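Beneath this line is the structure, given in structure tokens, with notes to follow.
The values are calculated or read from the model by the stated rules, or taken from the named source; none is laboratory data. Because the structure is a prediction, the values reported are computed rather than measured. Positions of Cβ are backbone-derived with ideal geometry, glycine not excepted, and every protein chain shown enters the neighbour counts. These area figures cover heavy atoms from the full protein model, side chains too; ligands, DNA and RNA do not enter into them. Shrake-Rupley method; radii C 1.70, N 1.55, O 1.52, S 1.80 Å.
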Amino acid sequence: MYEFAVTPAVTQIRRRGVEISEVSPGTIGAELELETGDRIMRVNGRVIRDYLDYRFHSAGETELTVDVRKHTGEDWELNIERDEAEDLGIGFEQIVPRQCANECLFCFCKGNPETARPSLFVRDEDVRLSFLYGNYTTLTSITEDEMQRVIEQRLTPQYVSVHATDLAVRAYLLGIDKKRADISAKVQRLIDAGIEIHAQVVLCPGINDGQILRRTIHDLAELYPHVSSVAIVPLGLTRYLHDERLTPVTPEFCRQTIGEVSAIQHELHARLGTTFAFLGDEIYLRAGVRVPSRKHYGSYPQIEDGVGMVRSFANDFESLMRRLERRRGAVARPSGRALFGTILTGTLFAPALAKMIDRLNARFGTRLYVLPVENDYFGGDVSVAGLLSGGDFLKARDQLRGEFAIIPRVCLKSDEPILLDGAHFTELQRQFDVPLYALDFASFAAAIESGSIDRQIEVSKAA
């Protein structure tokens, strides 16, 4: 899921063209005296709305006529000849997301604290971002222009929040009428055009579970392979989302769902050769049930929606253990002291991670400790690592052990080191008594293999 590094579109005035945000030295763009703030208006006579348009209309073209509006207000026409693979060396502003017009019961934006960073309040419904980053859309308000664009520019795959194929239930969940909720013709049009679709169901107890869920899975499976997967993820409630129509997800509900869906998965795998309908990792963890094997997830089609992340992490950890085993020695610092520190993570994943780290410690002499961090910022039943805030980590400081601390890299914004509550990572580091690092698994593994967490400081800074 991509989080926007822009002000919500509702507060911005949309201008024609796409703005240049950078020009690399020594490139065609620099030679043509293009500058930051200039806007590309047309390419070969075709109007440009954003960088996807620019990419589509310029791809493979060796002769380009580019209309530019300079930041000074001048209009230029540039006639460019280039090799087919030669880039102009220009970067563009990020896409301003199209806003959602639904009123979903479970919309996570409704569950944000007032102090959350502004980008968390952006309710996007944008087929461009679905293609680029896997953001889900409901297709309820897709325009004809957008539909044609998806088809013409081959913006595939598309990620669609279906939630239920029963129209009355879908309309209820999205807060719209049944006519708008019916996207069957739109889905068929995308399928006929060869656009691949990945579907999502946010599972709300008592609303779209049970028989409704079974019908949804089977209806979508009839569209396989054009609809190639379905992710079923649990409703998440924060302390700020007070809708009496929503029932919290419980461990018992998760166990019941696993039992019901497992039978369907076996049936579909026998018929389609794929699991097709995948349960989110959170359902297994909350149920206290072991996550499925690597084979279950195939190519991990919905991993960015929290489907298969735990299995992928576990497999990567096993690979790390095998690499260390081949070295047949303790993992120690150059000084001869074993790595000694604390790994902070969400309460949901902490038990599974602790088992892995205990094995690492026992076999290779590391002294690493897993610290479950309560999510006080969102509260409710939010327990995943990626939604921990700077304040949550600060409250856990007095429980640290060792010479350093690690938080998950996923807790930081994708394009700058800021946490969900707006805390800057460098400021958070200053408030810890030991060095604090934000690492993904690759960086963590590199630290273990090198025997030195200090070598990962540049990764942490880059985050």
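A few notes on this one:
- Of the listed residues Lys186, Lys413, the order by accessible area with a 1.4 Å probe, largest first, is Lys186, Lys413.
- Highest-first packing order for the peptide set 388-400, 17-29, 224-236 is 224-236, 388-400, 17-29, based on the mean count of other beta carbon atoms within 10 Å.
- Here is how the number arises for the chain: DSSP H runs of 4 or more residues each give -39500 (n - 2.57), the sum is divided by the residue count, and the result at 222 nm is -9500 deg cm²/dmol.
- Counting only the Cα atoms, the range 13-57 fills a convex hull of 78 Å³ per residue.
- For the range 181-319, a/c is not less than 1.5, where a ≥ b ≥ c are the root eigenvalues of the C-alpha gyration tensor, and a/b does not top b/c. That puts it in the oblate class.
- Placing unit charges on the Cβ atoms of the charged side chains and taking the dipole of the range 303-416 about its Cα centre, the candidate lying farthest along the positive direction among Ala350, Gly365, Ala385 is Gly365.
- Peptides 420-431, 63-74 ranked from most to least packed give 420-431, 63-74, packing being the mean of other C-beta atoms within 10 angstrom over each peptide's residues.
- 1.4 Å probe accessible area per residue over the chain, in Å²: 46 Å²
- When cysteine pairs in the chain are screened for C-beta atoms closer than 4.7 angstrom, the residues that find no partner are Cys100, Cys109, Cys204, Cys254, Cys411.
- Share of alpha-carbon pairs per 5 Å distance bin for the range 227-284, given as whole %: 4, 16, 24, 19, 16, 10, 6, 3, 1
- Residues whose placed amide H lies under 5 Å from that of Ser229, excluding near-sequence neighbours: Ala199
- Cα-only radius of gyration and Dmax that characterise the range 175-214, units Å: 12.9, 36
- The apolar share of the surface of the chain, taken as the fraction of accessible area on carbon and sulfur atoms (1.4 Å probe, ligands and nucleic acids excluded), comes to 51 percent.
- With contacts taken as Cα pairs under 8 Å and at least 6 residues apart, the range 268-318 reaches a relative contact order of 34 percent.
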